[in-house]
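These notes are about the structure you will find just below.
We did not get these values from a lab; they are worked out from the coordinates using the rules stated. Every value quoted in this text rests on a predicted model; they were computed, and no experiment measured them. In this analysis, Cβ positions are derived from the backbone assuming ideal geometry, glycine residues included, and neighbour counts consider all displayed protein chains.
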Amino acid sequence: MIIAPSILSMHFDDFKNQIYDLNNNADWIHFDVMDGHFVPNLSFGPAIFKTFRRNSPLFLDVHLMVDDPFYYSEVFAKAGADSIIFHYEALDNPIKCLELIDKIHAMHIKAGLSIKPKTPVDAIQPLLSQIDICLVMSVEPGFGGQSFIEDSIMKIKKLDDYRKIFHLQYLIEVDGGVNDKNAAILRQCGTDVLVAGSYVFEGSIKENIDKLRTAK
């Protein structure tokens, strides 16, 4: 199980200690990019991202919640992203999605596709053979601290079944309301990557990550 803390909930006034704890306990760092249009919030730009790239050897997972993922994919690729995940809903066009997936791969970066809670898995099935990561949003994107949407479990199971039937290799990533109470069932349903923000950064980062890894 890959644990990818979301820095949306990080305490930046304690950056030195928290990045140390992340580097020594997490597997990935999840970086949410919001433009204030695709979702009603703004977050971090490439300058802040480069600070993490300089201070961490971890895999940096970039989640684009933006209207123009073509533009931002290039910006964050140049800043040092290891993966770039964009939203199907931002393009809502399978051909455009394939174009962007190819563009991300051409920059030698893992390409991911994300769906909002109300978007069915069937909408992206034709694209699953082309991606490295499928991110299931288990809350409405844009704000941290929301409760997990239980219907997400069925999406994860469907993605896992599809992956097994067609022998595909994409990772299933889940973001939103993840904690030690649902980590075990998420793992059992086929989740490979757990994104957790509020849960990880409230208290001991090491202890909270350990609880996610060992949840039963």
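When the helices of the chain are scored as -39500 (n - 2.57) per DSSP H run of n ≥ 4 and the total is divided over every residue, the value at 222 nm lands at -11000 deg cm²/dmol. Peptides 185-192, 109-116, 200-207 ranked from most to least packed, by the mean per-residue count of other Cβ atoms within 10 Å: 109-116, 185-192, 200-207.
Each Lys and Arg adds +1 at its Cβ and each Asp and Glu adds -1 at its Cβ; summed about the Cα centre, the chain shows a dipole of about 460 debye. Compared with the direct C-alpha span, the chain from Ser9 to Ser129 gains 40.0 nm at full extension, assuming 0.36 nm per residue. Beta bridges assigned by DSSP with both partners in the chain are antiparallel in approximately 5 percent of cases.
With a cut-off of 20 Å on the backbone N, the residues of region 18-34 near the modelled label site 7 Å out from Thr214 along Cα-Cβ are 21-28.
Cα-Cα over 24 Å: which of Lys118/Lys158; Lys110/Lys206; Lys116/Lys181; Lys50/Lys157; Lys158/Lys181? Where the Cα-Cα span goes over 24 Å, the pairs concerned are Lys110/Lys206; Lys50/Lys157.
Label separation (Met107 vs Phe70): 1.4 nm, computed from points 7 Å beyond Cα along the C-beta direction.
Projected label points at Glu140 and Thr51, each 7 Å from Cα along the beta carbon direction, are separated by 3.0 nanometres.
Per-residue packing, averaged as other Cβ atoms within 10 Å, sorts the ranges 175-184, 56-65, 8-17 into the order 56-65, 175-184, 8-17, beginning with the highest. Under the simplified labelling scheme, the Asp160-Lys118 pair shows an inter-label distance of 2.8 nm, with each label point 7 Å from Cα along Cα→Cβ.
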